[in-house]
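The values are calculated or read from the model by the stated rules, or taken from the named source; none is laboratory data. If you're wondering where the values come from, they're calculated on a predicted model, not measured in any experiment. Because the Cβ atoms are built from the backbone with ideal geometry, glycine has one as well, and the counts that use them run over all protein chains shown.
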Amino acid sequence: MNSVWSKIIYWFGGDRFGGVPRSSSWGSFKKNYEKTHPKECAICGNKKVSLHHIIPFSQDKSRELDVNNVIWLCDGWGTLQHHRGMGHYGSFLSWNPDIISEAKLMKFKFENRL
């Protein structure tokens, strides 16, 4: 039962994922990252995004605040769900270590579609 509540809290912006508490610096990290990386999906350009960890910090806590381990991906209603679909292969129990290169390819395809 506790894991169900944890998942619900996570979906609503809780401070834990995979049982690992977020760093107290996470909020300021996101704000600083946004100053140098436009807050838009790296694939489709949608502005409704989540900051996705390439290697989840539940797997490697040392990379939670690593600018080379995050990427903006669209998330939520009215988006193409690249966060879950491309970043996590459709399941938050998985992750895509190649999301940077795949996002570049998909962005090119989006920009040059017929």
So, Ile9, is that one at pLDDT 95 or above and of a type in the set (Val, Ile, Thr) or not?
no
Which one of the conditions (1) surrounded by 15 or more Cβ atoms within 10 Å (Cβ to Cβ); (2) more than 17 Å from Gly45 (Cβ to Cβ) does Ser94 fail to meet, given that it meets all the rest?
(1)
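Determine, yes or no, whether His88 is more than 16 Å from Lys104 (Cα to Cα) and either under 13 Å from the mean Cα position of the chain (by Cα) or not in a loop (DSSP other than H, G, I, E, B) (or both).
yes
Return the residue satisfying two criteria in turn: it lies in segment 78-87 and is in contact (Cβ under 8 Å) with a residue 12 or more places away in the chain and farther than 13 Å from Glu40 by Cα, and of such residues it is surrounded by the most Cβ atoms within 10 Å (Cβ to Cβ).
Initial filter on segment 78-87 (in contact (Cβ under 8 Å) with a residue 12 or more places away in the chain): 78-80, 82-83, 86-87.
Filter again for farther than 13 Å from Glu40 by Cα, leaving 78, 86-87.
On the way: Gly78: 8, Met86: 23, Gly87: 27.
Taking the candidates together, the pick is Gly87.
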Exactly one of these conditions fails for Gly27: (1) of a type outside the set (A, V, I, L, M, F, W, C); (2) at pLDDT 95 or above; (3) outside any loop (DSSP other than H, G, I, E, B). Give me its number.
(2)
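Which members of segment 27-80 meet the condition of being among the aromatic types (Phe, Trp, Tyr) and out of contact with any Phe, Trp or Tyr (no Cβ under 9 Å at 6 or more places or on another chain)? Can you show your working first?
Initial filter on segment 27-80 (among the aromatic types (Phe, Trp, Tyr)): 29, 33, 57, 72, 77.
Within segment 27-80, Phe29, Trp77 qualify.
Does at least one position in segment 23-36 carry a residue that is more than 19 Å from Phe110 (Cα to Cα) and crowded, with 19+ Cβ neighbours inside 10 Å?
At the first step, the residues of segment 23-36 found to be more than 19 Å from Phe110 (Cα to Cα) are 23-36.
Retained after the next criterion (residues that are crowded, with 19+ Cβ neighbours inside 10 Å): none.
No.
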Inspect segment 55-70 for any residue being within 19 Å of Arg22 (Cα to Cα), basic (Lys, Arg) and touching a residue at least 40 places away in the same chain (Cβ under 8 Å) and give the result as yes or no.
yes
